[in-house]
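Colleague: One structure coming up, written as structure tokens, with questions to follow.
The values are calculated or read from the model by the stated rules, or taken from the named source; none is laboratory data. Remember, it's a predicted structure, so these values are computed and weren't measured experimentally. All Cβ positions, even for glycine, are placed from backbone atoms using ideal geometry, and neighbour counts span all protein chains on display. When the accessible area is computed, the model is the full protein with side chains, heavy atoms only, and any ligands, DNA or RNA have been set aside. Shrake-Rupley method; radii C 1.70, N 1.55, O 1.52, S 1.80 Å.
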Amino acid sequence: MTSAHSRRHRCWRDRRLLSFFFLLLAFRRSAGEVGTAASYRPPYLPTECYGDDPSQIPDNSAFAAAGPGIWDNGAACGRRYLVLCISSATPGACIDGATVEVVVLDRAAGVRSLPTRVGTTLALSQAAFQAIANLSVEEINIELAM
């Protein structure tokens, strides 16, 4: 009887562990938002967030302008996002597994040079876009997480 009870206990424990594992996977996959991104080119200054201050541009030039869905009346200024290219209408546009961390410096609707596609979640600087996708592509589908 002890052996049967022990097996049932292990089976129940294994099921709970397996359920917990799948629950963790589900939360991990939902950690980021899905959206779209375009690129935009210089001039990058002035920005809506920090004006003409050139020190706002990160050393790696990886930054973004927030689209209408995340601009939030300027609350997006300074937010950092980890961005992953997940697909594009152009096959092979994404660099497999590549991510880029960007900081929001501007509002996409207010940038001095128009993004390659208007209305995207993020307009990425050329350096940021090129880190995750082929720069010749107008728009990519992205996953972004803060």
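Colleague: Is it true that His5 is loosely packed, with under 10 Cβ neighbours inside 10 Å, at pLDDT below 95 and on the phi < 0 side of the Ramachandran plot? Spell out the reasoning first.
Modeller: Details: loosely packed, with under 10 Cβ neighbours inside 10 Å: yes; at pLDDT below 95: yes; on the phi < 0 side of the Ramachandran plot: yes.
Spelling it out, His5 is indeed loosely packed, with under 10 Cβ neighbours inside 10 Å, at pLDDT below 95 and on the phi < 0 side of the Ramachandran plot.
Colleague: OK, next. Could you please let me know if Glu101 is touching a residue at least 60 places away in the same chain (Cβ under 8 Å) and open to solvent by 40 Å² or more (accessible area, probe 1.4 Å)?
Modeller: On the way: touching a residue at least 60 places away in the same chain (Cβ under 8 Å): no; open to solvent by 40 Å² or more (accessible area, probe 1.4 Å): yes.
For Glu101, the condition - touching a residue at least 60 places away in the same chain (Cβ under 8 Å) and open to solvent by 40 Å² or more (accessible area, probe 1.4 Å) - is not met.
Colleague: Would you tally the residues in region 105-118 being free of Cβ contacts under 8 Å to residues at least 60 places away in the same chain and outside any helix (DSSP H, G or I)?
Modeller: 1
Colleague: With the structure loaded, tell me whether Gly92 is assigned to a helix (DSSP H, G or I), of a type in the set (Gly, Ala, Ser) and either touching a residue at least 24 places away in the same chain (Cβ under 8 Å) or more than 17 Å from Glu139 (Cβ to Cβ) (or both) or whether it fails that test.
Modeller: Details: assigned to a helix (DSSP H, G or I): no; of a type in the set (Gly, Ala, Ser): yes; either touching a residue at least 24 places away in the same chain (Cβ under 8 Å) or more than 17 Å from Glu139 (Cβ to Cβ) (or both): yes.
When the stated conditions are applied, Gly92 does not pass them.
Colleague: Follow-up. Condition first: in contact with a Lys or Arg (Cβ under 6 Å, 6 or more places away or on another chain) and open to solvent by 60 Å² or more (accessible area, probe 1.4 Å). Can you find one or more residues in region 42-65 that meet it?
Modeller: Yes, region 42-65 has at least one match.
Colleague: Would you confirm whether any residue within region 26-40 is hydrophobic (A, V, I, L, M, F, W, C), touching a helix residue (DSSP H, G or I) at 6+ places or on another chain (Cβ under 8 Å), outside any helix (DSSP H, G or I) and without any contact (Cβ under 8 Å) to a residue 60 or more places away in the chain?
Modeller: no
Colleague: Right, next: Would you check which residues across region 104-146 are touching a Pro at 6+ places or on another chain (Cβ under 6 Å) and surrounded by fewer than 18 Cβ atoms within 10 Å (Cβ to Cβ) and list them?
Modeller: Residue satisfying the conditions is Arg112 alone.
Colleague: Give the residue, chosen from Ser87, Ser55, that is under 18 Å from Ile142 (Cβ atoms) and out of contact with any helix residue (DSSP H, G or I) (no Cβ under 9 Å at 6 or more places or on another chain).
Modeller: Ser87
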